[in-house]
There are 2 protein chains.
Amino acid sequence: MNEKLYSITELAEEFDITPRAIRFYETKGLLSPQRAGATRVYNYRDRARLVLVLRGKRLGFSLEDIKEYIDLYDADRTRSEQLAHLMLVGRKRITELEQQLDDVQTTLAELRVIEAEAADALRARGLDPERALAEIAQKLLVEAI
Amino acid sequence: MNEKLYSITELAEEFDITPRAIRFYETKGLLSPQRAGATRVYNYRDRARLVLVLRGKRLGFSLEDIKEYIDLYDADRTRSEQLAHLMLVGRKRITELEQQLDDVQTTLAELRVIEAEAADALRARGLDPERALAEIAQKLLVEAI
DNA sequence: CAATAAATTTACGCTTACGTCATCACCGGA
DNA sequence: TCCGGTGATGACGTAAGCGTAAATTTATTG
């Protein structure tokens, strides 16, 4: 059986992004699908790279940083020097991410306190926080139309 | 005793930001210091608002979100609505950060695999990974000069 | 009081990550 | 053969959050 292929809009819909974004990632060297004529055709490897790109974005990385990260996977491992370099860069990234992990946890703790305080304040006014939340979410939705 | 007052540069230096940033926050309605003639003069309340702004930024909120939060104490909407809105925005951010936490951990695991595989590959070549690492780090350092 | 230093306003610039046309080509179906 | 849909390629637009002059006024200091 042939491997599964995807069109640009199929991928876009799957990940809830636009074809424009996918093309943009390509101009930045993050993707490089085959072409059938001029039409882009994505295989599972391209799809996997896209997944990495989107995860990097959620982590708050720039596309340039993401490119460096992805390039680690594809790094040349034939020369000892390259392997050592890979270890070096990998360790650096690990250190950075460990710091980020710490930051995120601290921030999360702080946000949970804020949320709890807001809920308390609403209850002190005789309101059910969840209901109040649902109502304002609804209101903002309506206003947006 | 009169309350303590601050110039724009004093505040800027204290919080390690630029006067330009502080003026920018003002144009966005986040601060509204008194004026002595044309010169901005900040009191402790203005300073407290600035602290809130910077905290909000640390937590990853937009200046617009931060404005909503700060206006909690001014209220043009009802206070309950503001509180509910705060909860809403806070929860959204919490969800994002929880996802980030997950992503960071996944990425860390992957990087550790890459690092370990590189180390193995080096050992398979009869090299000590730590030495190889130290050597290439040294080499890159020298090249940088 | 002259020379700096500090502040103000105005306004254009910059970067990242796309959004949004406009124009054109191509492919399959009625 | 004409049409609708999909895709491609420019190219300009946009939003956030300031940076960076430039031109001027205001304060401070020797």
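The values are calculated or read from the model by the stated rules, or taken from the named source; none is laboratory data. Every value quoted in this text rests on a predicted model; they were computed, and no experiment measured them. Neighbour counts run over all protein chains shown; Cβ positions are idealised from the backbone, glycine included. Surface areas here come from the heavy atoms of the whole protein model, side chains and all, with no ligands, DNA or RNA. Shrake-Rupley method; radii C 1.70, N 1.55, O 1.52, S 1.80 Å.
Can you pull out the residues in the range B:118-139 that are assigned to a helix (DSSP H, G or I) and more than 8 Å from chain A (Cβ to nearest Cβ)?
Applying the first criterion (assigned to a helix (DSSP H, G or I)) to the range B:118-139 yields B:118-124, B:129-139.
Of everything in the range B:118-139, those that are assigned to a helix (DSSP H, G or I) and more than 8 Å from chain A (Cβ to nearest Cβ) turn out to be B:Asp120, B:Arg123, B:Ala124, B:Glu130, B:Arg131, B:Ala134, B:Gln138, B:Lys139.
Could you identify the single residue in A:Arg125, A:Arg77 that is in contact with a helix residue (DSSP H, G or I) (Cβ under 9 Å, 6 or more places away or on another chain), open to solvent by 30 Å² or more (accessible area, probe 1.4 Å), of a type in the set (D, E, K, R) and closer than 29 Å to B:Glu117 by Cα?
Values: A:Arg125 fails: closer than 29 Å to B:Glu117 by Cα.
Exactly one of A:Arg125, A:Arg77 is in contact with a helix residue (DSSP H, G or I) (Cβ under 9 Å, 6 or more places away or on another chain), open to solvent by 30 Å² or more (accessible area, probe 1.4 Å), of a type in the set (D, E, K, R) and closer than 29 Å to B:Glu117 by Cα, namely A:Arg77.
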Subject >> Any hit, the range A:51-66, residues being touching a strand residue (DSSP E or B) at 6+ places or on another chain (Cβ under 9 Å) and not assigned by TED's automatic domain parsing to the domain that holds A:Leu133 >> reply: no
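Of the residues in the range B:100-145, how many are more than 18 Å from A:Gln100 (Cβ to Cβ) and either in the same structural domain as B:Gly60 (by TED's automatic domain parsing) or of a type in the set (A, V, I, L, M) (or both)? Outline the logic, then answer.
The first filter runs over the range B:100-145 and keeps only residues more than 18 Å from A:Gln100 (Cβ to Cβ), leaving B:113, B:116-145.
Right, trim to either in the same structural domain as B:Gly60 (by TED's automatic domain parsing) or of a type in the set (A, V, I, L, M) (or both) and you get B:113, B:116, B:118-119, B:121-122, B:124, B:127, B:132-134, B:136-137, B:140-142, B:144-145.
Adding up the residues that qualify gives 18.
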Subject >> Residue pairs meeting the criteria (Cβ under 8 Å; at least 6 apart or on separate chains; first in a loop (DSSP other than H, G, I, E, B), in the range A:1-18; second of a type in the set (D, E, K, R)) >> reply: A:Ser7/A:Arg40
Original post:
Quick one: in the range A:19-51, which of the residues that are in a helix (DSSP H, G or I), open to solvent by 80 Å² or more (accessible area, probe 1.4 Å) and more than 12 Å from DNA strand C (Cβ to nearest atom) is nearest to the other protein chains (Cβ to nearest Cβ)?
Top reply: A:Arg45
Original post:
Do you know which of the residues in the range A:1-14 that are more than 15 Å from A:Arg45 (Cα to Cα) and more than 9 Å from DNA strand D (Cβ to nearest atom) is least open to solvent (accessible area, probe 1.4 Å)?
Top reply: A:Glu14
**OP:** Restrict the check to the range A:65-81 and report whether at least one residue is of a type in the set (Phe, Trp, Tyr), on the phi < 0 side of the Ramachandran plot and more than 9 Å from chain B (Cβ to nearest Cβ).
**Re:** no
**OP:** Looking only at the range B:60-67, decide whether some residue is β-branched (Val, Ile, Thr) and either part of a helix (DSSP H, G or I) or surrounded by fewer than 13 Cβ atoms within 10 Å (Cβ to Cβ) (or both).
**Re:** yes
